[in-house]
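Encoded as structure tokens, the structure appears first; notes follow it.
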Amino acid sequence: MRFRLFLHLLVALACAPVGLATAQHSLKTFHAKPINTARPWTYWWWMGSAVTEPELTRQLEQFAKAGLGGVHIIPIYGVKGYENQYIPFLSQRWLTVFSHTVREANRLGLGVDLSMGTGWPFGGPNVTPDMAAKQWQLTGDQLTSMPTNQQVKRPAPGGAGPAVDYFDKNAITGYLRRFDSTLVTLPERPRAVYNDSYELYGANWTRNFLAEFHKRRGYALDSQLRAFLDSNQTEANIRVRQDYYETLADLLADGFTKTWTGWATRHRYLTRNQAHGSPGNLLDLYALADIPETESFGSSRFPIPSLRVDAGYNVDNFGTPHPLAMKFASSPANLLGKRLVSSETGTWLANHFNVSLSQLKPQMDELFTAGINHIFYHGITYSPSNERWPGWLFYASTNYGPTSHFWSELPALNHYVERCQTRLQMSRPDNDVLVYFPMHDLWATPAKSAGGVHQLEVHHVDRWLLPLPFGRLCDTLRQRGYSFDYVSDKQLAQLSVSSGKIMASGGQYRVILIPACQYMPETTLRRLRDLAKQGATIVFEHAMPQQAPGFYEFVRRGTLVQTLGREMKQLRTVRVAANVVQTLATLHVPVESMAMLGLSFIRKQAGGKPIYFIANLANRFQSGWISLAKQDTRWVHYDPLTDQTTILPVRLTKNKSAQVWLRLLPGQSCFLTPDDRTQPVKEVKKPTNKTIADELNGPWNLTFVKGKPEGLQPAQLNQLRNWTTLSDSAGYFSGTARYETTFRVAEPINPLATYRLLLGDVRETARVWLNGQEVGLAWSLPFELTIPATLLRQTDNRLVVEVVNLSANYMRLRDGQLPTWKKFYDINMVDIRYTPFDATSWKPMPSGLLGPVQLIRETDR
């Protein structure tokens, strides 16, 4: 009973206002209804802001009914032929429809966030030349500024203009004035304002850069112009460049992020910030926002059997999402006690009309294991109801909206996300290791981004993060099963020590780990020494840092670093490790051995009890005994896919530690929590599987129920196969088809047994009925459903499976017959390679129930 009450508490708290734990103000003062942050939210693009109140209400009601929790409004470029309906951004009419949106969202229990501009980055018509983004140029023997001439990307009507200078506090203050007389005056207020990822290209200067550099670094940059311009990586060049990069980082934090978040706080808005891509320490920038936001862009290419990757996906162009990049957002949240960490999710996972729910779930599971707990779909486009399919579309997939082929099944994904995020939002981090991020070592390497700066983007961590000793070490920790967060130079100053524990406002840690690094500010090393003297355990990989970064008095400061290093070596709690993993083992730092089996996880805690979320994103584990670092004698297994809770078999090992029997096939996920009813371990035998019905290969009756093109004839299949091979017309069909067959059970039915229906390869979702009763919807890998024994008969079992395929096949026909649906300004429509969209050359995507289909019974051995 207490366990159930605990889960009910999690659900209740997850529906509480977002400001409950992360902000100094409560959202209850802003909104008529609490906002459900456990449900997934969505980006909502307003094309040309050509919206109307009735359509806004209709679509918001659709979103609420489907199980979404909120919308993030992004005004963008418009649709051709609708110019007379465009509404300029922040005009009185725009503010009216925006206020209507917030009122209706409140009525429906939906939240609303808003981009503070149109398209991206910040900029627009109120940005004067002196406020615009700048780059340095050499004029004679002096560094001066010139405009980058970058304009706002994908702007909406009323939002076009130059990109603002993110390094200039006065420019940002001037930009924000536009909202003082518009957004701030509204009685209906959004929950949060938003800043997209840093995408200013060539911006590397600001009008007062030289004065700021002198003030912050202690010398004039012009005095070391030769070293600054040198491209040979001399010592002077490296050190002057480190100072240059650090000054840019300081100005970005002070000029933009603090100015913007300060404005929002004064006006009682929360902030969501995508700091990635910035030429600064992401940990410090994310820490300044109420809700740090990362991004899952492209496909992670998990080795899950049958998981499809779009044939057009180009890793060289798009890169691959990586959990180590995501932790730059979750780590500051964990350190500082921020309850929500969000993610832009599903961007360009595949071409439009080609994304399946089974592709989306693993990407979200990866986010959850990386500490993300507030999913934002990317996304849905406002589209009038009188528009023919596919309606209005933003060029970058994924389309989660009502015109998507999976809209009818989307509630299943939404429920899954809500169940996961309910638990993840209302539990606290339980990480053991803090890994120092040596930013100055990165700044000592040549910059490869536009403008000659280091832009820490999430798409290609293989180009900057993974090659660093920091990246290699963190990847080793992740694969070995350690739980860890990152920490910056500035954040070390916020830590304290109590009884050997390293204390942060959001949690506590056992060890601070310093990756192999050459440079470390003397202030950082001094802080580490002070923490060690207070009892903090600090491990240096390979050696102590030997140099202070930067040019100013670097000899004296380097000597101080070496002196501090020698002093630290004498401290009892400091270790220099040739092998970090071995050293962590001697320090008894907990390790989750399941990671070595290919399982991804996050460990959290609530009410003093551990909570594990585990996802099988590989193909190395199916079932077996696993050990958990947090020992208990009775473990509860919760399946967020089915909302079912069971007690796991437990056994004692020779050293008297408990192991649990876990069945988790590739693609599956679960939560593990100890039951409050602790009792001595009673070993339960592990289950085993037995196939009790031969593969249900046929005959199958196939009927095309609804979809386009219409008029396809039924077929009888002696064995399951891809329906696109039946006829040319079937190769263009997108919609729902029904499979029907009968089967017998080869042995007596055990009413206490667990029966599973394995559907094999499904393209793309399958809703199943057995003997007239609905069993469920299989929409994720592996495609299997639990069958109640009461539904089975010994003979004459009638199985019905309705399969919905991708809309890509019909788009092959539609794009040739009526290509005029592509009527958008700006980039119009492109494919995943950013070439003009043309589906007529696509090959038919396999569709239907491909099998093999089996019925198995789980028994105790």
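One table, with the values for the structure above:
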quantity	calculated
Ranked packing of 102-112, 647-657, most packed first, by mean Cβ within 10 Å	102-112, 647-657
Projected-area average for the stretch 511-630 over all orientations - Cα convex hull basis, square nanometres	10.2 nm²
Computed label-point distance, nm, for sites residue 653 and residue 149 using a 7 Å Cα→Cβ extension	6.5 nm
Largest-first ordering by accessible area, 1.4 Å probe, given options 146, 326	146, 326
Computed E for residue 211/residue 828 - FRET, C-beta separation, R0 30 angstrom, nearest 0.05	0.10
The chain, accessible surface, carbon-and-sulfur percent (1.4 angstrom probe)	50 percent
Placed amide H near residue 576: partners under 5 Å, 5+ positions off or other chain	540
Whole-Å semi-axes of the chain's equivalent ellipsoid (Cα gyration tensor)	46, 37, 24
Sum of side-chain charges, residue 583 neighbourhood, beta-carbon under 14 Å (Lys, Arg +1; Asp, Glu -1)	+1
Ratio of Rg to Rh over the stretch 729-776 (Cα coordinates, Kirkwood Rh, two decimals)	1.05
The stretch 176-217: radius of gyration over Cα atoms, expressed as a fraction of 2.2 N^0.38 Å	1.84
Hull shadow area, averaged, the stretch 278-378 [alpha-carbon convex hull, nm²]	6.8 nm²
Nonlocal amide H pairs with residue 134, under 5 Å, H built at 1.01 Å	148, 204, 205
Scaled radius of gyration (Cα, divided by 2.2 N^0.38 Å) that the stretch 392-541 gives	1.38
Interatomic Cα distance distribution for the stretch 349-476, bins of 10 angstrom, percent	10, 28, 26, 24, 10, 1
Neighbourhood charge, 11 Å Cβ-Cβ cut-off, centred on residue 491 and excluding it, Lys, Arg +1 and Asp, Glu -1	-1
The stretch 704-811: proportion of alpha-carbon pairs further apart than 24 angstrom, %	30 percent
Angle in degrees between helix 469-480 and the longest Cα principal axis of the chain, rounded to the nearest 10	30 degrees
Dimensions in Å of the stretch 170-252 - Rg and Dmax from alpha carbons	18.3, 58
In degrees, nearest ten, helix 410-425 long axis to first principal axis of the chain (Cα)	50 degrees
Cross-link pairs 327/630; 822/843; 501/654 - those with Cα-Cα distance over 26 Å	501/654
Amide proton proximity set for residue 320, modelled H, under 5 Å, gap of 5+	461
Cα-based equivalent ellipsoid, the stretch 755-820: semi-axes from gyration tensor eigenvalues, Å	33, 12, 8
Accessible solvent surface per residue of the stretch 553-618, calculated while the other protein chains remain in place, 1.4 angstrom probe, Å²	46 Å²
Rough spin-label spacing in nm, given labels placed 7 Å along Cα→Cβ, for residue 605 and residue 820	6.5 nm
In degrees, nearest ten, helix 522-533 long axis to first principal axis of the chain (Cα)	70 degrees
Dipole magnitude (debye, nearest 20) for the chain, charges at Cβ of Lys, Arg, Asp, Glu	2160 debye
Within-14-Å neighbourhood charge of residue 428 [Cβ basis; K, R +1; D, E -1]	+4
Heavy-atom accessible area per residue - the stretch 636-675, 1.4 Å, Å²	40 Å²
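The values are calculated or read from the model by the stated rules, or taken from the named source; none is laboratory data. Every value quoted in this text rests on a predicted model; they were computed, and no experiment measured them. Ideal geometry is used to build each Cβ from the backbone, glycine not excepted, and the neighbour counts take in all protein chains shown. Accessible surface areas use protein heavy atoms only, side chains included; no ligands, DNA or RNA. Shrake-Rupley method; radii C 1.70, N 1.55, O 1.52, S 1.80 Å.
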